[in-house]
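J.: Sharing a structure with you now.
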Amino acid sequence: MRKKTAFFLVLVAIILSSCSLFQAEINDNYKRDDLSPAVIDSMGYFITAAYKMDPKYTNDLIIASFRQNALNVKNTKIYAQLLINLLSVKNKAFIDEEYILQHLDSDQQKDYRRTYPSGLPSKQSIDEIILNNPYFENTITCEGEEIDSHWAYFAATGDTKIIEKLENTLYARNVSCCFDCLGQSLANRAAWNKDVYDKLIQIRDKHCSSAKNFNTCIEYYNNWYIPPISKCDWRDLK
């Protein structure tokens, strides 16, 4: 995979899907040579598609997230913490909390212990984490925190059912929702991740299969949430 500007990717990757302004005080302190070069060079990729990464990088990804201050910034905390929680379960055979703490400075260690006073939730199941998460209670996924939580779940698991749920919300009625924000969120993720893009193409084609004017229908959805391939970051990835 080609190298990108790591800091830019991380900022883009964790931006909330809501319409609120991004006011993160994130830094790039994670870029030190004591972590795997794969994490340093591809942090944004791991954050948006962690289900594709080699699980041996899980500890380094957690370290990088705490070094980057992602769990202290309001606009990134929900996404980053849920992603870490799910990865600690999914890749629990690779988790080494002693290693993690050894690679954090004293302030970061305090942040870690404050966030995980009993340690990472690796003994839970993914289903338990989701069932106890208030952002997964509603069938309509419209609030910024809900949208980000769903994307964190996708980033950890690669489960495309989440994409179906988000897309279905676009047709909700009598609810207060920034539908343009949700559509843009889908488009952004499709540009970053080919699995999202392919799923949205599948959904679009299903919607349009019975349309009176197929081409008009395709154009409608393309304008709503499917970016042109020329705008997709994944087109040059190997």
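J.: Tell me, how many Å apart are the Cα centres for segment 139-183 and for segment 205-234?
T.: With segment 139-183 and segment 205-234 each reduced to a Cα centre, they are spaced 19 Å.
J.: Next up: For the pair D180 and K161, how long in nm is the line joining their label points, each one 7 Å along Cα→Cβ?
T.: 3.3 nm
J.: Where in segment 42-58 does the label zone of Y99 land, with the point 7 angstrom along Cα→C-beta and an amide N cut-off under 19 Å?
T.: 42-43, 46-47, 50-58
J.: Using each residue's phi in segment 138-153, evaluate 6.51 cos²θ - 1.76 cosθ + 1.60 at θ = phi - 60° and report the 3J(HN,Hα) Karplus result to the nearest Hz, with x for Gly and Pro.
T.: Taking θ as phi minus 60°, the curve returns 8, 6, 9, 10, 10, 6, x, 5, 5, 4, 5, 5, 5, 5, 5, 4 Hz for segment 138-153.
J.: For A211 and N168, what does the FRET efficiency come to when R0 = 25 Å and r is the distance between their Cβ atoms, rounded to the nearest 0.05? Walk me through the numbers before you get to the answer.
T.: Values: r = 18 Å, r/R0 = 0.71.
The computed FRET efficiency comes out at 0.90.
J.: Moving to a separate point now. Return one whole number: the accessible area per residue of the chain in Å², for a 1.4 Å probe.
T.: 51 Å²
J.: Helix-only mean residue ellipticity at 222 nm, the chain, DSSP H runs n ≥ 4 weighted -39,500 (n - 2.57), per residue, nearest 500. What is it?
T.: The per-residue figure over the chain is -16500 deg cm²/dmol.
J.: For R114 and E143 in one chain, what is 0.36 nm times their gap in residues minus the Cα-Cα distance, to one decimal in nm? Write out the running numbers ahead of the final one.
T.: Values: separation 29, 0.36 × 29 = 10.44 nm, distance 2.64 nm.
Roughly 7.8 nm would be gained on extension.
J.: Determine the alpha carbon to alpha carbon distance for each of K74/K161; K74/K206; K110/K161; K92/K165; K74/K123; K56/K206 and list only those over 30 Å.
T.: K74/K206; K110/K161; K56/K206
The values are calculated or read from the model by the stated rules, or taken from the named source; none is laboratory data. Predicted model only: the values in this text are computed from it and were never measured. So basically every Cβ, Gly included, is an ideal-geometry build from the backbone, and we count neighbours across all protein chains shown. Ligands, DNA and RNA are stripped out before the accessible areas are found, and what is left, the full protein with its side chains, is counted by its heavy atoms. Shrake-Rupley method; radii C 1.70, N 1.55, O 1.52, S 1.80 Å.
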